[in-house]
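Working notes, beginning with the structure itself.
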Amino acid sequence: MRDIKKYEKSEMEERESIEAKEQLAYVLPNESLYLMLGEEKRLLKEMYPLETEYEYAYSRYFWEAYPKLPEITIEEIKELLKK
């Protein structure tokens, strides 16, 4: 709790909240986008690739590889869901 004292109250209040549907849109994979409503799911499907490449550098097994995904910010998701 003493670490919280480092942050000024004004800094904590300035942060913009993230709505539930924005959080869902950020983390759901393509297979689960049917949970989103209407036009949102079509727009979100266009943002993410259907096929994913993997980076195997310093990986011995497949589960150690990193997926190469496009970087999508939460601001882009918010803007998309406002339309």
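The residues in the range 34-52 that are aliphatic (A, V, I, L, M) and in a helix (DSSP H, G or I) can be counted, and the count is 4.
Let's see how each residue does on (1) out of contact with any helix residue (DSSP H, G or I) (no Cβ under 7 Å at 6 or more places or on another chain); (2) polar (S, T, N, Q); (3) at pLDDT 85 or above:
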residue: E16; (1), (2), (3): yes, no, no
residue: S32; (1), (2), (3): yes, yes, yes
residue: E46; (1), (2), (3): yes, no, no
residue: P49; (1), (2), (3): yes, no, no
residue: E53; (1), (2), (3): yes, no, yes
residue: K68; (1), (2), (3): yes, no, yes
residue: E76; (1), (2), (3): yes, no, yes
residue: E79; (1), (2), (3): yes, no, yes
residue: K82; (1), (2), (3): yes, no, no
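Residue count for the range 34-54 under the criterion of being under 18 Å from K82 (Cβ atoms) and either free of Cβ contacts under 8 Å to residues at least 40 places away in the same chain or loosely packed, with under 12 Cβ neighbours inside 10 Å (or both): the result is 10. Hey, can you tell me all the residues within the range 55-83 that are surrounded by 10 or more Cβ atoms within 10 Å (Cβ to Cβ) and of a type in the set (K, R)? K68, K78 - these are the residues of the range 55-83 that are surrounded by 10 or more Cβ atoms within 10 Å (Cβ to Cβ) and of a type in the set (K, R).
The values are calculated or read from the model by the stated rules, or taken from the named source; none is laboratory data. Since the model is a prediction, treat every value here as computed from it, not as a measurement. Virtual Cβ from ideal backbone geometry, glycine too; neighbours counted across all protein chains shown.
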